[in-house]
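Shown next, in structure tokens, is the structure this report addresses.
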Amino acid sequence: MFYTILLQLTRDCNLQCRHCYDSCGPHRETMSSASLEAVLDNLPFLTDGIVLSGGEVFTKKAILRHALSLIRGQKWRRFPLASVDVQTNGFWARDADSAYQAMKEMLELGVEDIVIGSIDGFHGEQGLDIEKLRMRKGTPFDQAVQRLAAETGSACEYRQHNPARLETILVRKAWPIDRTVISFLHVSNDGPVTPFGRARDLPEECLEKDSECRLLGNKYNTEITIAPNGLAYPCCWKVTPALGSAVETPVPRLIENAGKRRVLAHLLNDGPRGAAKAMGIYRKDDEFIYRINPCVKCEEIFRGIR
């Protein structure tokens, strides 16, 4: 069993904040250095991916830098198989120079994939400059990548990984690894917010969009989300009861213990439908929704018992 860990270093409301940058007051939460260090100590050896996300991690650069420095220092001893990714909405690419400085620092700290998300209609309405984030010739990102490629003597390759959603730039032989992927998640203005788990307080019309359920049922790879307070969840939406604290308990033990909790065991084995059956609230008429829009059903099932 391999593990992908989505480590949410920050939490922002994503509704009140232009670029998730202005002060959110009580809606904002940041993982402490002590919690971060404890969580990293509790990650399994077979971690094959660590994704640093939020909220918006670039609003809290100190904890982002600290996380990347710790991971780089422990990587080959603690989780040698892990790729290191950063999810961001890219608001910091105000111009070519700011984009260059941010990406150069990420590369130097060992980031292997910079995922530019939130390029959707909802975040556009909140003030994110979507046009600056589109990858085409002359945009700040394009200029920054060309500059990085020239400085490192690397080849810069443009790829369309998924025609509907993902456009990728590949910088080869970048330091300190031999390649860095900069991914752009593209969705239409009427499509779902992406990445889904980074914006917890979404308007109802966004929650109603189709979503992909990534619970622990995959026997080859388990995806775990760890919130800023250290609590671990079986999905990025964090509507289920927590598996427990990844600050206090190794992640594999949290997953093992989850299998002993009746509702969570049914959830992990058969998704929201299984959880609903275990709680006696399953409705056969909703079978289509259980399959097509599981996040809505999980929200309904676990509301009030988290």
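The values are calculated or read from the model by the stated rules, or taken from the named source; none is laboratory data. Just so it is clear, the structure is predicted and the values come from calculations on it, not from any experiment. Ideal geometry is used to build each Cβ from the backbone, glycine not excepted, and the neighbour counts take in all protein chains shown.
Here is how the numbers come out for the structure above:
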| item | result |
| --- | --- |
| Residue among GLN143, GLN101, GLN87 that alone is at pLDDT 85 or above, under 18 Å from THR180 (Cβ atoms) and touching a strand residue (DSSP E or B) at 6+ places or on another chain (Cβ under 9 Å) | GLN87 |
| Breaking point among (1) assigned to a helix (DSSP H, G or I); (2) modelled with pLDDT of 90 or more, for TYR3 | (1) |
| Looking only at the range 104-140, and only at residues there that are closer than 20 Å to GLY73 by Cα and surrounded by fewer than 17 Cβ atoms within 10 Å (Cβ to Cβ), the one that is modelled with the highest pLDDT | GLU105 |
| Every residue from the range 257-293 that is within 27 Å of the chain's Cα centre (by Cα) and among the acidic types (Asp, Glu) | ASP270 |
| Residue list for the range 29-61, restricted to those being in a helix (DSSP H, G or I) and modelled with pLDDT of 95 or more | SER33, ALA34, SER35, LEU36, GLU37, ALA38, VAL39, LEU40, ASP41 |
| Scope the range 41-62; condition crowded, with 20+ Cβ neighbours inside 10 Å, farther than 15 Å from MET103 by Cα and hydrophobic (A, V, I, L, M, F, W, C); matching residues | LEU43, ILE50, VAL51 |
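For every residue, the table says whether it meets (1) outside the structural domain of PRO44 (by TED's automatic domain parsing); (2) acidic (Asp, Glu); (3) in contact with a helix residue (DSSP H, G or I) (Cβ under 8 Å, 6 or more places away or on another chain); (4) closer than 20 Å to ILE301 by Cα.
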| position | (1), (2), (3), (4) |
| --- | --- |
| ARG253 | yes, no, no, no |
| GLU256 | yes, yes, no, no |
| LEU267 | yes, no, yes, yes |
| ASP270 | yes, yes, yes, yes |
| ALA275 | yes, no, yes, yes |
| ALA278 | yes, no, yes, yes |
| ARG283 | yes, no, yes, yes |
| GLU287 | yes, yes, yes, yes |
